[in-house]
Every structure is written in structure tokens, then in C-alpha cells.
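Student: Shown below is the structure under consideration.
The values are calculated or read from the model by the stated rules, or taken from the named source; none is laboratory data. As the structure is a prediction and not an experimental result, all values here were calculated from the model. Using ideal geometry, Cβ is built from the backbone for each residue, glycine included, and neighbour counts are taken over all protein chains shown. To get the accessible areas, we keep the full protein, side chains included, count just its heavy atoms, and leave off ligands, DNA and RNA. Shrake-Rupley method; radii C 1.70, N 1.55, O 1.52, S 1.80 Å.
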Amino acid sequence: LAIAGNVYNRNLGDTKIIVTRYGNVINSRGSVIELWEKQLKEGKPLTLTDERMTRFWMPIETAVQLIMTAIKEGKGGEIFIPKAPKRRMWNVLDELCGKKEKLPEGCINVYQGTKKVIITGLRPSEKLHETLINEHEANRTLEFKEHYIILPEFLPASKYPKSKKYKGGSYTSEI
């Protein structure tokens with residue numbers, strides 16, 4: 001829709017439609033950390049989709065910086081993606097609970113007590129690993145120091161002289 005909106009709008013005004021695509025923003029509304037903290041506070045078992053699941057993680061400041069970069073650099077129709085660390089969800093849960101060593105299967109020691117971890121399994125259409133750039137988009141992707149830009153098909157890479165061509169395939173959270 002953003003790309004189509006920019007194509008339609010090209011000769012009609014100054015509005016630019018630019019997209020930002022993220023992984024998980026730490027402590028944002030709806031974050032799994034918010035859920036786990038609630039479960040801990042209420043003394044409920046902790047839920048985890050799959051112990052192999054991975055995601056990209058970033059602080060809210062990184063998300064805001066990407067938006068500001070997109071506003072400043074965007075021409076219209078691009079997708080801005082941050083370079084973000086990949087984390088296993090199991091390890092994030094482990095760190096939240098303050099434990100340093102490997103977790104025993106099925107249980108974790110949370111502060112003084114033991115809490116059960118319930119593995120809920122993947123929901124329909126949920127993925128084990130997050131993909132921020134897919135194979136189809138990779139050939140239209142430019143790389144910068146702190147982010148990537150997926151170009152719309154009508155915007156030439158020459159509009160970004162300080163970039164280099166992205167040489168990877170899919171950009172996923174798989175570790």
C-alpha cells in the first residue's frame with residue numbers, strides 16, 4: 001500500500017509514505033516481556049511458544065532513531081529496517097528471571113521459587129524465526145551502518161550515494 005500510495009501521489013504533492021519494519025521493541029506495549037512480568041507478578045506459569053524461537057530485539061530508542069532516519073532520508077516508498085541483535089526467546093526469558101546458567105528442561109528457578117515454563121507451540125502462521133528482509137526484497141536492499149533500506153521498484157539506488165548494495169539473502173533472526 002505504501003508503494004502504491006507513493007506512485008499515485010508522485011505528481012500530486014509533497015507527501016511521502018515511508019515504512020519502518022522492526023523486530024521486538026523492548027518494553028513496548030504488547031511486548032512478551034510485559035506478559036512475562038505480569039505472569040511472574042501473578043505467580044502464574046511462564047509461557048513460551050517454542051524453546052528454539054528467535055527474534056530481533058531493540059530498545060525503544062533504536063526504534064525512534066529509525067523513524068527519525070526514515071523521515072530525514074526517505075524519498076518515498078522505501079522500507080527502513082534496523083540492524084538489530086538476534087536473541088533466542090528462551091535466553092531472554094532466562095535473563096528476565098535473573099538466572100545465568102542454562103535452564104533445566106521445563107523449569108526455571110525464578111528468584112526464590114521454581115516456576116514452570118509452559119511451551120505453548122506455534123500458532124497458525126506464526127514463525128519460529130523472524131524475517132525482516134525476504135529473498136525477493138534482498139536484490140532491492142541497500143545497506144547502511146545502522147540500517148537497511150528496501151527500495152521500491154521505481155526508485156533507483158543512485159538516490160542513496162552513501163549506501164552499499166546488500167549482499168545477503170533473507171535477513172532473519174535464526175541463530
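Student: Name the single residue, out of those in the range 99-138 being at pLDDT 50 or above and among the polar types (S, T, N, Q), that is nearest to K44 (Cα to Cα).
Tutor: Selected residue: T114.
Student: Ok, one more. Out of all the residues in the range 70-78, is one or more free of Cβ contacts under 8 Å to residues at least 60 places away in the same chain, touching a strand residue (DSSP E or B) at 6+ places or on another chain (Cβ under 9 Å) and more than 19 Å from E143 (Cβ to Cβ)?
Tutor: No - not one qualifying residue is present in the range 70-78.
Student: Every residue in the range 67-100 that is open to solvent by 70 Å² or more (accessible area, probe 1.4 Å) and either part of a strand (DSSP E or B) or within 20 Å of W36 (Cβ to Cβ) (or both), please.
Tutor: If the condition is that a residue be open to solvent by 70 Å² or more (accessible area, probe 1.4 Å) and either part of a strand (DSSP E or B) or within 20 Å of W36 (Cβ to Cβ) (or both), then P85, K86, R88, E95, K100 are the ones that fit.
Student: From the set of residues in the range 2-25 that are farther than 18 Å from K86 by Cβ and in contact with a Pro (Cβ under 9 Å, 6 or more places away or on another chain), which is modelled with the highest pLDDT?
Tutor: Restricting to residues being farther than 18 Å from K86 by Cβ and in contact with a Pro (Cβ under 9 Å, 6 or more places away or on another chain), the top hit is T20.
Student: Here's another thing I want to ask about it. Check G43 against each of (1) modelled with pLDDT of 90 or more; (2) farther than 19 Å from Y160 by Cα and name the one condition it does not meet.
Tutor: (1)
Student: A further question on this structure: For the range 26-49, name all the residues that are touching a residue at least 24 places away in the same chain (Cβ under 8 Å), open to solvent by 80 Å² or more (accessible area, probe 1.4 Å) and within 21 Å of K86 (Cβ to Cβ).
Tutor: Of everything in the range 26-49, just one residue is touching a residue at least 24 places away in the same chain (Cβ under 8 Å), open to solvent by 80 Å² or more (accessible area, probe 1.4 Å) and within 21 Å of K86 (Cβ to Cβ), namely N27.
Student: Taking strands (runs of 3 or more DSSP E) that do not extend beyond the range 110-175, which have at least 1 residues that are without any contact (Cβ under 8 Å) to a residue 40 or more places away in the chain?
Tutor: Output list reads 113-119, 141-143.
Student: Output the residues belonging to the range 29-58 that are within 21 Å of T172 (Cβ to Cβ), of a type outside the set (A, V, I, L, M) and part of a loop (DSSP other than H, G, I, E, B).
Tutor: Matches in the range 29-58: S31, T49, D50, E51, R52.
Student: State all residues of the range 121-163 that are over 19 Å from the mean Cα position of the chain (by Cα) and loosely packed, with under 11 Cβ neighbours inside 10 Å; if no residue qualifies, say none.
Tutor: Result: G121, P124, E153, P156, S158, P161, K162.
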